[in-house]
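Reviewing the structure listed below.
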Amino acid sequence: MFARTIRAAVGWSDAHPEPPDSRNIAHHLHGLLNNAGVKPPYVLVGHSIGGIHVRVYKNMYPSDVVGMVFVDSSHPDWKKRLPSKLMTWIALQRLEYKLAKLAMPLGILRFFGLLCGNGPPEIRDMLRTVECQTRWAETQVAEYDDFYSGANEGRLTGSLGSMPLTVLSRDPDKTGLPAIAGADVAKQMSIAWEQMQEELSHLSTRGSRLVAKGATHYVQLDRADLVIDAVRLAVDTFRNGPK
């Protein structure tokens with residue numbers, strides 16, 4: 001059975017009083033799956049920071065998880081290893097979200113087409129629903145602030161043993177960074193990101209990595225076929241054993 005979840009305080013999902021670190025997110029996901037009657041075993045798919053969350057989930061509930069797919073997943077050390085100029089720009093994004101929180105009730109962002117629905121056509125309606133809310137901006141700031149604790153939790157999970165693992169990485173030519181941070185910073189970022197993606201694939205003795213040609217960070221939208229194939233491979237490997 002396939003279940004897709006959206007995290008607390010995003011869209012119409014209820015908020016939680018606990019910090020949005022990886023342990024709390026994994027705990028909430030475990031409760032959600034149980035309440036929904038979705039029984040293990042699971043193949044967990046983690047996009048971006050979700051890659052860290054699913055590692056923590058597996059560490060907390062090891063018997064539940066039989067395979068993983070990382071979709072351009074974050075690496076626990078990415079904030080330390082990406083170019084400092086890029087990290088300055090990311091820090092400014094945090095300020096942007098705080099300002100967005102103040103502007104949203106006035107309809108300013110929607111009027112100028114900022115954040116609310118400003119994205120690829122296939123997810124534009126979803127973004128209008130998810131991003132045009134004050135608590136969405138609050139959640140972005142909280143997740144940014146709690147990243148280090150979540151990243152450290154992910155770092156402590158260690159090896160995945162021989163668990164089936166596929167790492168799907170964005171196309172290095174599709175970062176969109178040269179127009180934002182400059183060509184030199186974009187090149188440094190791509191080199192560091194590629195190194196970290198390769199490291200993630202070595203978390204399992206049955207780990208593999210594939211660069212999703214033509215895909216941005218949102219591989220699941222640009223190359224959904226690759227994500228589906230990776231999930232099927234993990235399921236087949238669990239059912240039939242490695243070939």
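Compared with the direct C-alpha span, the chain from residue 162 to residue 187 gains 5.7 nm at full extension, assuming 0.36 nm per residue. Excluding residues fewer than 8 places away in the same chain, name every one of the lysines whose C-alpha is closer than 21 Å to that of residue 187. Straight-distance partners of residue 187: 79, 80, 85, 174, 213.
Here the spin labels are modelled as points 7 Å beyond Cα on the Cα-Cβ line, and at residue 211 and residue 64 they lie 3.5 nm apart. For a paramagnetic label modelled at 7 Å from the Cα of residue 240 toward its Cβ, which residues of region 154-168 fall within the zone defined by backbone nitrogen distances under 16 Å? Counting backbone N atoms under 16 Å from the label point, the list is 164. With the whole protein complex present, residue 233 retains an accessible surface near 90 Å², based on a 1.4 Å probe.
Within straight-line reach of residue 39, meaning a Cα separation under 16 Å, sit the following lysines at least 8 residues removed in sequence or on another chain: 58.
Of the residues 134, 88, the one with the largest accessible area comes first in the ranking 88, 134, computed with a 1.4 Å probe on protein heavy atoms.
Among the protein heavy atoms of region 153-243, carbon and sulfur supply 55% of the accessible surface, probe 1.4 Å, non-protein parts ignored.
The values are calculated or read from the model by the stated rules, or taken from the named source; none is laboratory data. Note that the structure is a prediction, hence the values are computed from the model and not measured. So basically every Cβ, Gly included, is an ideal-geometry build from the backbone, and we count neighbours across all protein chains shown. Ligands, DNA and RNA are stripped out before the accessible areas are found, and what is left, the full protein with its side chains, is counted by its heavy atoms. Shrake-Rupley method; radii C 1.70, N 1.55, O 1.52, S 1.80 Å.
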